[in-house]
Structures are given as structure tokens and as C-alpha cells.
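Everything below concerns the one structure shown next.
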């Protein structure tokens, strides 16, 4: 590992994630939507997945594609870190009778993974540290809405010549 950079991380806390993949280009489209909750696992626990889908919110034949998408996303990681020791619970989602496919749900799962990591933050593992913790990446704080200039909000001046 060059320069001793950490190559793996764990979630700092549990967090929800949502991913929607929708593309329509001409004829057949692509649609998948998943809602998950991601939990940090115990060290060495690896990848975990369970589905709590009831009532057909997502057809059962798409569940393996969602698991595959989450596994691929965790292995590929984010910000250069593979995410280890993580457990996902599939909570909800939606599909389209014609436009949903395994690929659409794999993509939606990857988007949901990134959303969960954004909310949870990461704890990075470093081989040089005895305790395995080299730093915490805090989740992104919500940004305040941009301010509009006072001139854009001002009423028109009646004294301005026409």
C-alpha cells in the first residue's frame, strides 16, 4: 500500500439511504427505486443483507439484483475506500411493470449505498494504527439555501424613469 494510505473503512453510524435510477431514451426505459438502512457491522463480520419488503413493493425477482448492487458498491467503495463490515436492510422501493430490470435495481442500489454513506460518515482503517482507527469522516451537513440579493427582492421604484 503506497504511503500507508488506508484502503478500507466502516460506517461511523447507521443511516438511511435511498436510490432512484430512472432513464427513458426512446422506447424501453429503465426504472428502479430502493430504500435501505445501512448499519456498521462488528469488525470481521463482512457483508450482510436482508429484505423486509412486504406486499410486493419490489417483486422478489429483483431482490438479488439489489443485494448484488449493494455488495458491488461496498467492494468498490467511495472516496477511495472499500467499505467493510456493513449490513443492509432493504425497507421499501418501487418498480415499473415494463421498465424495471435487474440492471435498473443494481444501479439504484449503488445510488442508495452512496446516499447512506453520505449520511453515516466513515471510519477509516489504517494498517499503521494499533486500534485500527485512523480518522472519522463526518457526514455532510445540510447546506443552507443560497441567499438572494436584496436588489432581486426589492420592489420596483416608482421614481425610475420609463
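Things to note:
- Residue selected from region 73-94 under the condition in contact with a helix residue (DSSP H, G or I) (Cβ under 7 Å, 6 or more places away or on another chain) and surrounded by fewer than 20 Cβ atoms within 10 Å (Cβ to Cβ), by the criterion farthest from residue 7 (Cα to Cα): 78
- Test: residue in region 50-63 that is touching a strand residue (DSSP E or B) at 6+ places or on another chain (Cβ under 8 Å), surrounded by 14 or more Cβ atoms within 10 Å (Cβ to Cβ) and in a helix (DSSP H, G or I): yes
Any read-out appearing in this document is the output of simple, stated calculations on the displayed coordinates, not a laboratory observation. Computed from a prediction, not measured in an experiment: that's the story for all the values here. When we count neighbours, we look across all protein chains shown, and the Cβ atoms used for this are built from the backbone with ideal geometry, even at glycine.
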